[in-house]
Amino acid sequence: MSSTTAVSRLQSISLFDLNEQAALLTRVDRKYALDRQNAAGVLAALDPSTKVLEISGQRSVAYESVYFDTPAL
(Lines give C-alpha, C1' and ligand atoms only; values in the text may rest on other atoms or scores of the structure.)
Protein backbone atom coordinates (compact mmCIF):
# COMPACT_ATOMS: atom_id res chain seq x y z
CA MET A 1 0.00 0.00 0.00
CA SER A 2 1.42 3.41 -0.91
CA SER A 3 1.64 6.21 1.65
CA THR A 4 -0.84 8.26 -0.44
CA THR A 5 -3.35 5.40 -0.36
CA ALA A 6 -2.80 4.90 3.37
CA VAL A 7 -3.45 8.59 4.09
CA SER A 8 -6.50 8.75 1.80
CA ARG A 9 -8.24 5.96 3.73
CA LEU A 10 -8.12 7.97 6.96
CA GLN A 11 -10.79 10.45 8.01
CA SER A 12 -9.80 14.09 7.88
CA ILE A 13 -10.13 16.77 10.53
CA SER A 14 -10.07 20.52 9.95
CA LEU A 15 -7.69 22.80 11.79
CA PHE A 16 -10.68 24.49 13.46
CA ASP A 17 -12.08 21.16 14.68
CA LEU A 18 -8.66 19.98 15.81
CA ASN A 19 -8.12 23.13 17.87
CA GLU A 20 -11.64 22.89 19.30
CA GLN A 21 -11.25 19.25 20.34
CA ALA A 22 -7.73 19.70 21.68
CA ALA A 23 -8.27 22.97 23.53
CA LEU A 24 -7.80 21.39 26.95
CA LEU A 25 -5.28 18.74 25.95
CA THR A 26 -1.52 18.79 26.00
CA ARG A 27 -0.18 18.63 22.48
CA VAL A 28 2.85 16.51 21.67
CA ASP A 29 4.37 16.53 18.20
CA ARG A 30 6.74 13.85 17.04
CA LYS A 31 8.59 13.94 13.78
CA TYR A 32 10.26 10.98 12.12
CA ALA A 33 12.25 10.68 8.91
CA LEU A 34 11.15 7.66 6.89
CA ASP A 35 11.53 6.59 3.31
CA ARG A 36 8.32 6.09 1.30
CA GLN A 37 8.22 2.33 1.79
CA ASN A 38 8.53 2.53 5.58
CA ALA A 39 6.12 5.47 5.75
CA ALA A 40 3.50 3.45 3.86
CA GLY A 41 3.89 0.58 6.35
CA VAL A 42 3.54 2.87 9.36
CA LEU A 43 0.50 4.63 7.89
CA ALA A 44 -1.16 1.32 7.02
CA ALA A 45 -0.73 0.16 10.63
CA LEU A 46 -2.43 3.22 12.17
CA ASP A 47 -5.66 2.77 14.08
CA PRO A 48 -8.55 3.39 11.66
CA SER A 49 -9.86 6.13 13.96
CA THR A 50 -6.69 8.18 13.31
CA LYS A 51 -7.48 11.49 11.62
CA VAL A 52 -5.42 13.45 9.14
CA LEU A 53 -5.25 17.22 9.31
CA GLU A 54 -6.74 18.70 6.14
CA ILE A 55 -6.46 22.42 5.36
CA SER A 56 -8.12 23.88 2.25
CA GLY A 57 -8.53 20.39 0.81
CA GLN A 58 -4.83 19.58 1.25
CA ARG A 59 -3.57 16.68 3.34
CA SER A 60 0.02 17.11 2.29
CA VAL A 61 1.95 20.36 2.23
CA ALA A 62 5.55 21.37 1.86
CA TYR A 63 7.09 23.36 4.64
CA GLU A 64 10.49 24.32 5.92
CA SER A 65 11.63 24.40 9.53
CA VAL A 66 14.39 26.79 10.42
CA TYR A 67 16.19 26.16 13.69
CA PHE A 68 18.30 28.88 15.19
CA ASP A 69 20.38 26.55 17.32
CA THR A 70 23.96 27.46 18.07
CA PRO A 71 26.78 25.35 19.48
CA ALA A 72 26.27 27.16 22.80
CA LEU A 73 22.62 26.09 22.99
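Suppose R0 equals 35 Å; then what is the FRET efficiency for Ala44 and Asp17 from their Cβ-Cβ distance, rounded to the nearest 0.05? If you can, show how the numbers build up before the last one.
On the way: r = 24 Å, r/R0 = 0.70.
For Ala44 and Asp17, the calculated efficiency is 0.90.
Return the Rg/Rh ratio of the chain with Cα-based radii and a Kirkwood Rh.
Values: Rg = 15.0 Å, Rh = 14.6 Å.
Here the Rg-to-Rh quotient is 1.03.
Pop out the carbon and sulfur fraction of the accessible area of the chain as a percent, whole number, probe 1.4 Å.
Numbers: 3610 of 6630 Å².
Taking all protein chains in place, the chain shows 54 percent carbon and sulfur surface.
Give me the number: length gained by fully extending Val66 to Leu24, i.e. 0.36 nm times residue separation minus the C-alpha to C-alpha distance, one decimal in nm.
Working: separation 42, 0.36 × 42 = 15.12 nm, distance 2.82 nm.
Value of the extension gain: 12.3 nm.
Over the range 6-73, give the accessible area per residue in Å² for a 1.4 Å probe, as an integer. Before the final figure, lay out each step's value.
On the way: 6240 Å² over 68 residues.
For the range 6-73, the per-residue accessible area is 92 Å².
Please work out how much length the chain gains when fully extended from Ser56 to Lys31, using 0.36 nm per residue of separation minus the C-alpha to C-alpha distance, in nm with one decimal.
Numbers: separation 25, 0.36 × 25 = 9.00 nm, distance 2.26 nm.
Gain in length upon complete extension: 6.7 nm.
Suppose only helical runs count, i.e. DSSP H with n ≥ 4. What mean residue ellipticity at 222 nm does that imply for the chain under -39500 (n - 2.57) per run, divided by all residues and rounded to the nearest 500 deg cm²/dmol? Can you show the working numbers first?
Numbers: 3 runs with 22 residues, N = 73.
The helix-only estimate for the chain comes to -7500 deg cm²/dmol at 222 nm.
The values are calculated or read from the model by the stated rules, or taken from the named source; none is laboratory data. Only a predicted model underlies this, so the values are computations on that prediction, with no experimental measurement involved. In this analysis, Cβ positions are derived from the backbone assuming ideal geometry, glycine residues included, and neighbour counts consider all displayed protein chains. Please note that ligands, DNA and RNA were not included when accessible areas were found on the heavy atoms of the full protein model with its side chains. Shrake-Rupley method; radii C 1.70, N 1.55, O 1.52, S 1.80 Å.
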